[in-house]
Structures are given as C-alpha cells and as structure tokens.
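Encoded as structure tokens, the structure appears first; notes follow it.
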Amino acid sequence: MGGVLEGVRVLDFGRYIAGPYCATLLAEFGAEVIRVEKRDGSEDRFVAPVGAGGEGALFLQINRNKKCITLNPMKPEGQEVMRRLIETADVVVANLPPQTLQAMKLDYESLKAIKPDIILTTATAFGGPGPWSDRVGFDGVGQVMSGAVYMTGAGDPPYRAAVNWVDFGTALHCAFGTLAALMERAKSGRGQIVEGALLATALSFTNATLIEQAVIAADRVPTGNLGQTAAPVDIYRTTDGWVLCQVTGHPLFIRWARLMGEDHWLEDPRFADDLKRGNNGPIISERMARWCAERTSEEALDALGKAMIPAGPVLSPQQALEHPHIKAAGFMQDVDYPGLPKPAPTVRAAVRLSETPGEIVTRPPTLGEHTDEVLASVGYSAEEIAALREKRII
C-alpha cells in the first residue's frame, strides 16, 4: 500500500468504532491492518445493514484498507494462531474491557511475553482507576456524563447528539497515542500501553464548560441553539430552509453589525464584548432572524460569506451528499463492496498530508477473506489451515 506507516503490522481486535476506526486511520497511512473476527462475523459488522450479506454502513465506513481473518481465540489452537500473529505484529488494537482482554490473553503482560516491544492500544468506557473501571458503555454514556447532553436542546428532555462523536473522538486520541508510542519505540525500543476512554474523550471536549463552572459557578442551563457566550449564535429560518450563523470575537461582530445596518450597536454597552453579547443574545438573534427571514438560504449564505462571517446551511443527509462544495473538495471516495446496490461514499481520513497523503486503496474485507493468506504468512501450510477450518478454529 505504501505510506508513512508502511511496514507496521496491526492486529485489530476492535469492535464498533473506537478501536476499528483507530486501526482504519493507521491503515489509511500505510499500516497493514488485520481485522480478527468471530467465525460467524462480529456484531459490529451488521449495524445498520445496507448490503446483501447484512454488512452495515458503519462497518463499511471504518474497515476499508484492512484484511480480515476469522478466529476462535478461546481454544488452544486459536491461541497458537494468535501467538504466531502477535510475534509478527507491532500494534494490537483492542477496545475491550480489561477482564475480556485477560480472558483472551490480549492483556499487555500476555502480549509482552510473546513480543517484548509490542504496543497495546485499548479503550474502555470509563477508564481507570475508579469504581466504574470494569463497567461497559457506548458513546452515549460519555455524552451524558460529560455535561454535553445536559446543555443540549431545551432541557426537557435533554438530547444526545445523533452522531457518535465520543467514539470517533476516542479513536482519534487512540490513533494519536499509537503514533506517539511508535515514535518512542523507534527511539528506545520499548513498547507500551496506549489507553483511551470514552468518558475521558467526552470530558475533554466539554472541558471549557466544566472549567467555567468550576471557576465562576456559571450554572448555565440549556438554551436550544442560542449561544450563551457570544452572539449572534443560532440557527435561523430562511424563506426556503435553515442556516447557522456563528459570530464570536469583536472583529466578527463589527462585520456582522455593519452587514445588518446596525453600526450604532458597536457603541452600545450591552454588546461591548462576547459575554455581554451572549447575555443579550435574544436581542441580537431576533435581528438576525428578521434579516434571514427575508432571504433564501443561498442569498443569506452568500452575503454572510462575502462579509467573512461563519455560516452554513442545515443539510439533510441527502443534501450533504449533493452539496457542491462537499463534492468538489473530494472528501468522499466511492467504494464498492460485494452485494451493495451502489458504491458507498466513504469519507477519507479528515487530514491531508501534502507529501505522504493517506488513501483508500482497498474496500472493506468480506468475512474471513484473508484468513488463508494471513495464516500462510505466519508459517501455516495449506494442510494445517484446512485442519484448523475443519476444527472450527477459523
């Protein structure tokens, strides 16, 4: 495949998002990633099915560029296969609870006994130490425990985000940590544990709100889409849709006030700084709402864009696929997969390197597609592979 991580072998025992997407990012920049699944397919393969075989949209998104083997690691022959694979690996990715890692002998001490310089990248729901260290959880748990859900919507009921930002944020942290660990190993020869946690990610993303509460006890309550520490920050109805406008900082407010024809507001003490504008947000937002109500979304966004004021349309998923900038920027690549009625528009890694860019080279693997190839690479003969299959190890 090539890329900055060429020559790095990753064993991906991850499930759902945090582990698999971490491994996907490594694969996109050249690592050889081998996804290890249950013989009948792991549960994350079938979330939100879109393919004839039941493969889901999430699986298609975060498993491109990988090879796939099936394996039952709980049997002695499966443990031997794992041992041989670990001997050849640089990184093991496994976002599994500590007790599950130990049961599968994927804990760091077991891995290090096989490969002393191995890097174990793992993620849990709550991190540790702490009384909840052994509990399990998904993305939404991090959202609700970080303060983010409390501050979202109008408050009754609170709303979690429809996208898994905690999971994907944890994957990004884990990929960053894995790269740092690989750099350290190149200098010292030492492996180590890279540990992410959904709750830690969620807290890091909401940290400014937590700092404000701890330092000045702001005791903020949710206000829907209306911003609280600057204005105008809101979503506004146009004649044919909705647009978001987000003005933070005095230079932006100056440009916005002049666009609105409200230059005298620049001398109004109610609007002297971001916090005062946030405190008087309903007044400012009402002015912006009247301006937007007289325009189409395109007219409003063109005027705001020319004034260098951050703004964007509220798009449905279909509109996002069709938006001219999203298409022209090349963020997505059509990736085919057996049994799909049409190719899947897959977003490339959301960072570009000018000299060594990542790339989507291969589609996601079918279940066990590379089992024979990978086992042969660690010394199994065709007869031995057939025997493992007969015993239902692979």
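The values are calculated or read from the model by the stated rules, or taken from the named source; none is laboratory data. The structure presented is a predicted model; accordingly, all values stated were derived computationally and were not measured. Methodologically, a virtual Cβ is constructed for each residue, glycine included, from the backbone with ideal geometry; neighbour enumeration extends over all protein chains shown.
Annotations for the structure displayed:
- When residues of the stretch 70-82 are limited to those that are buried (at least 16 other Cβ atoms within 10 Å of the Cβ) and out of contact with any strand residue (DSSP E or B) (no Cβ under 6 Å at 6 or more places or on another chain), the one modelled with the lowest pLDDT: Pro73
- The stretch 243-274 - residue that is within 19 Å of Glu299 (Cα to Cα) and either polar (S, T, N, Q) or in contact with a Cys (Cβ under 9 Å, 6 or more places away or on another chain) (or both) and, of those, surrounded by the fewest Cβ atoms within 10 Å (Cβ to Cβ): Gln246
- The set of residues in the stretch 101-146 that are surrounded by fewer than 19 Cβ atoms within 10 Å (Cβ to Cβ), hydroxyl-bearing (Ser, Thr, Tyr) and closer than 16 Å to Leu203 by Cβ contains only Ser133.
- Filter result for the condition that a residue is in contact with an Asp or Glu (Cβ under 7 Å, 6 or more places away or on another chain) and at negative phi, over Leu199, Leu244, Leu226: Leu226
- Qualifying residue in the stretch 327-347 (condition: surrounded by 12 or more Cβ atoms within 10 Å (Cβ to Cβ) and more than 30 Å from Ile34 (Cβ to Cβ)): yes
- Any chance Ala387 is out of contact with any helix residue (DSSP H, G or I) (no Cβ under 8 Å at 6 or more places or on another chain), surrounded by 13 or more Cβ atoms within 10 Å (Cβ to Cβ), at pLDDT 95 or above and not in a loop (DSSP other than H, G, I, E, B): yes
- Exclusive hit being over 30 Å from Asp156 (Cα atoms), touching a residue at least 12 places away in the same chain (Cβ under 8 Å) and not aromatic (Phe, Trp, Tyr), set Met260, Met288: Met260
- For the stretch 23-53, the set of residues classified as of a type outside the set (Gly, Ala, Ser), more than 21 Å from Thr70 (Cβ to Cβ) and within 18 Å of the chain's Cα centre (by Cα) consists of Leu25, Leu26, Glu28, Phe29, listed by residue number.
- Odd one out for Glu195, checked against (1) under 27 Å from Glu298 (Cα atoms); (2) under 23 Å from the mean Cα position of the chain (by Cα): (1)
- Helices (runs of 4 or more DSSP H) fully within the stretch 231-311 counting 1 or more residues that are farther than 29 Å from Asp219 by Cα: 250-260, 281-293, 297-306
- Residue-level check: of (1) within 15 Å of Ala171 (Cα to Cα); (2) outside the structural domain of Gly358 (by TED's automatic domain parsing), Gly14 misses just (2).
- Residue selected from the stretch 351-382 under the condition in a loop (DSSP other than H, G, I, E, B) and more than 28 Å from the chain's Cα centre (by Cα), by the criterion farthest from Glu28 (Cα to Cα): Ser381
- Within the stretch 147-190, the residues that satisfy the criterion of being in contact with a helix residue (DSSP H, G or I) (Cβ under 6 Å, 6 or more places away or on another chain), surrounded by 20 or more Cβ atoms within 10 Å (Cβ to Cβ) and not in a helix (DSSP H, G or I) are Val149, Asn164.
- Residue match in the stretch 312-327 (condition: farther than 22 Å from Glu55 by Cβ, assigned to a loop (DSSP other than H, G, I, E, B), in contact (Cβ under 8 Å) with a residue 60 or more places away in the chain and over 22 Å from the mean Cα position of the chain (by Cα)): no
- Any hit, the stretch 214-227, residues being under 27 Å from Tyr21 (Cβ atoms) and modelled with pLDDT of 95 or more: no
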